[in-house]
Amino acid sequence: MLHSTSLLPHNNRFVFSFRSKPSFFHSHSLSFSKFLSLPSSSQSSCCHVSRISTETLEVSPPPPPDFNFRREIARLADLRDRLSACSTLNEKLRVIDADSRVKRFFRSRRGLAGVLASLQLSSDQLFLLKCVVAAGQEHVLCLGETESLESSVATSAVKSALYTLADMIENMDSFNGNGGAGFGMALGDHEIAELNNLLEILAEIERFYDCIGGIVGYQITVLELLVQKLFEMQNISWAHQRHDVKECQILGINAPNGLNLSEDTEYASQAALWGIEGLPDLGEIYPLGGSADRLGLVDPNTGECLPAAMLPYCGRTLLEGLIRDLQAREFLYFKLYGKQCITPVAIMTSSAKNNHKHVTSLCERLSWFGRGRSTFQFFEQPLVPVVGAEEGQWLVTKPFSPLSKPGGHGVIWKLAHDKGIFTWFYCQGRKGATVRQVSNVVAATDLTLLALAGIGLRQGKKLGFASCKRILGATEGVNVLMEKKSLDGNWEYGVSCIEYTEFDKFGITTGPLAPKGLQTEFPANTNILYIDLPSAELVGSSKSETSLPGMVLNTRKPIVYTDQFGRRHSVSGGRLECTMQNIADNYSNSYSSRCYNDVEDKLDTYIVYNERRRVTSSAKKKRRHGDKSLHQTPDGALLDILRNAHDLLSQCDIRLPEIEANENYVDSGPPFLILLHPALGPLWEVTKQKFYGGSISEGSELQIEVAEFFWRNVQLNGSLIIISENVMGSMKINENGESILHYGQRCGRCKLQNVKVLNKGIDWTCGENIYWKHDVQRSEVLQIILHGNAEFEATDVVLQGNHVFEVPDGYKLKITPGSPGLAIKLDPIDQDMMESGSWHWDYKIEGSHIQLELVES
């Protein structure tokens, strides 16, 4: 249940108070005042909201015995403020050189200073290295053996003695005139390469995180968040708002009301039409920079770790799946309005697991999906150091090599501003954008994305969420309606998100939370967003910590790494991450009096709901041997795709098996495989007009890769695969020599009427089948392959056994009953029908719906 919380004024600041009693510290924990020298009046159940500032924290839990968080944060905050006051690099160097830690480090390691001097580093590079030392991370620059943070507390005294001994030895070396020998040896080519790589990472951190103070500010933020984590470890609730424009009192956290697409179907249809109509005003944004460690994806040929975008899923990579979902919406726009619309796509990558290289290489290899290179823009997010949870020390795998990972998808707004992505969108006439993650394979199902974008565009909203019922215990955040009161007495409301790692701070549990709203639990945050581009740029360009929404330090999962000696370490730690959805915290609406009912209708933020399997199902973690849960695995996501196919086709009067709960398929394959190209819709009301009647038996397989398709009373018992080269149109070479997909031209076509397909189909006993990859062994299959604008028609026939019908470009293959057997006729398509085909579906808008008519040429 949700703890009752409030914010109380304390010394002209606001603090959270909690009515639930805090737990006592363990008996071996030391008192706050011993380490922080707090006045007794400061010790209470209330604690200050942590912010990045020169003001020291007033409360902190017991840190390791040789580390004082309060003193370190105060020292770094003072240094950051003095650096920010500098106008030139020389002034910054004078300030950093005066830092006590920097002076001590370089005085005791004269050999290191000599080596660095011999490398002729620039003043900028020297400044970066000195910032690392000033931030307390001098171990990154040491060539000696790095210590595991697992035992930092237990060995602190030994560590101090070793540092002292090392200083003495290096000083002796210096007195003996050994020069660089105090550093052990001159740097080899490998070390120099590692140092150069480190300098690149540091330069990016200093540049990108300039809004919080660069490298030094990054470390301050890490330490402040660790202080909060230490509170949580002691079972003391802690709530805060890091990124409010102004301090305020949070009075309520409720489940937000919003349009339920599965219930208010008439309005949902209208909203989806707004989304299609507004497609020329929309861009698409894909945050692909994450490391996807839980997926454990490895190239089977090279052994190289791969990013999530490269996961082969249902016959294609996840990134290809995103693009074809987008192209299906563009095809629908063409069918309704007769115009070509190519949506610009901005992709955030990173260098983790060669993410950027793999993603761009895939796009090049697939000729930019027939969209042209100019419709894509890539921007690479910086890597940030991973820190240990006890002292905030950067984890090091070898000298000059801190363990680094992407800093969360929340950097996307500032990075998009810094790299000119917003300007690029504006130049192409775009006002808003839809955002989705690559691992969510069902986000474009039916009308979810289109309705979300349609409402945002039509009503001039700043940010929208697509949400659904949350699975209790799932590692996903929640969407909430925040009710706050500002210092000027106004009431502020907005739909926002709380990440699952932050639940403890707000007292959120997995039980029922509120009787009002769409459901009695907080709905799931799915990271499917509509964003107004000017509003997002306003935040991303703010030059303050506001541009990095939702900063968190998730230390719940162990950090596993291998050091230079091949030793494997597992430590508690994390890195500073931002959450893109928390940009919502900047879009609260202010009112002079409290709002009690339906405030959501008036806000700049909004939320829409749908059935969970039509909103989110992710292939984000590898299923381990023996795992009984399929949640968030590729296997589980496939079952949701099949459930959606069942829901859709059963509404077309097609009989097919039910899909039971996931646990029934832990040790077996699914009851059938149905994979439908999204251009058959993507709206289900469109798809349903192309299918009617028949049945699909248990154990059958149906794959349809053609948009101009007609199914009437087809009975499938076995495998049926229909593949068209020109699913939505044909390629033409533009003035730049690029192949561009032209929608609606020379499409492949297939008609099946009163057809029975019988064959042995998939060999379900084969242990090598990987169903979510669509990598299966078949005993028999009916395969129809359409080259170019080829057409296939079968009427009143039984197609039994193993067959491959391959139709060449410019021809129509027609199968009818023969005497005996089958009559198979291959004829060229009439010349005047080459572009439009011998038949096509005509799309028309009638009211808030789309009606199809089959037109024979």
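At a glance:
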item: Out-of-range pairs (alpha-carbon distance over 18 Å; input 357/621; 469/602; 103/130; 92/130); result: 357/621; 469/602
item: Solvent-accessible area of residue 836 with every protein chain in place, 1.4 Å probe, in Å² to the nearest 10; result: 50 Å²
item: Given charges at beta-carbon only (K, R positive; D, E negative), |dipole| of the stretch 756-836 in Debye; result: 400 debye
item: With every protein chain in place, the stretch 633-854: carbon and sulfur % of accessible area (1.4 Å); result: 45 percent
item: Computed E for residue 556/residue 373 - FRET, C-beta separation, R0 45 angstrom, nearest 0.05; result: 0.65
item: 4 °C / 1.567 mPa s Stokes-Einstein diffusion coefficient of the stretch 353-449, Kirkwood radius on C-alpha pairs, µm²/s; result: 78 µm²/s
item: Accessible-area value, residue 191, 1.4 Å probe, nucleic acids and ligands omitted, Å²; result: 60 Å²
item: Amide hydrogen neighbours beyond the local backbone of residue 313, cut-off 5 Å, H modeled; result: 318
item: HN-Hα J in Hz across the stretch 767-780 - Karplus 6.51, -1.76, 1.60, θ = phi - 60°, x for Gly and Pro; result: x, 8, 4, 10, 5, 5, 7, 6, 10, 10, 8, 10, 7, 8
item: More than 32 Å apart - percent of Cα-Cα pairs taken over the stretch 633-854; result: 21 percent
item: Most to least accessible of 192, 531 (protein chains only, probe 1.4 Å); result: 192, 531
item: Per DSSP, loop chymotrypsin sites (Phe, Trp or Tyr not before Pro) in the stretch 781-857 with at most 13 further Cβ within 10 Å; result: none
item: For residue 261, solvent-accessible area (1.4 Å; no DNA, RNA or ligand), Å²; result: 10 Å²
item: Mean projection area, nm², convex hull over Cα of the stretch 582-624; result: 5.4 nm²
item: Accessible solvent surface per residue of the stretch 302-415, calculated while the other protein chains remain in place, 1.4 angstrom probe, Å²; result: 27 Å²
item: Net charge, residue 455 excluded, C-beta distance under 15 Å - Lys, Arg +1, Asp, Glu -1; result: -3
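The values are calculated or read from the model by the stated rules, or taken from the named source; none is laboratory data. Worth saying up front: this structure is predicted, and the values here are computed from it rather than measured. Every residue, glycine among them, receives a Cβ derived from its backbone with ideal geometry; neighbour counts consider all protein chains shown. Surface areas here come from the heavy atoms of the whole protein model, side chains and all, with no ligands, DNA or RNA. Shrake-Rupley method; radii C 1.70, N 1.55, O 1.52, S 1.80 Å.
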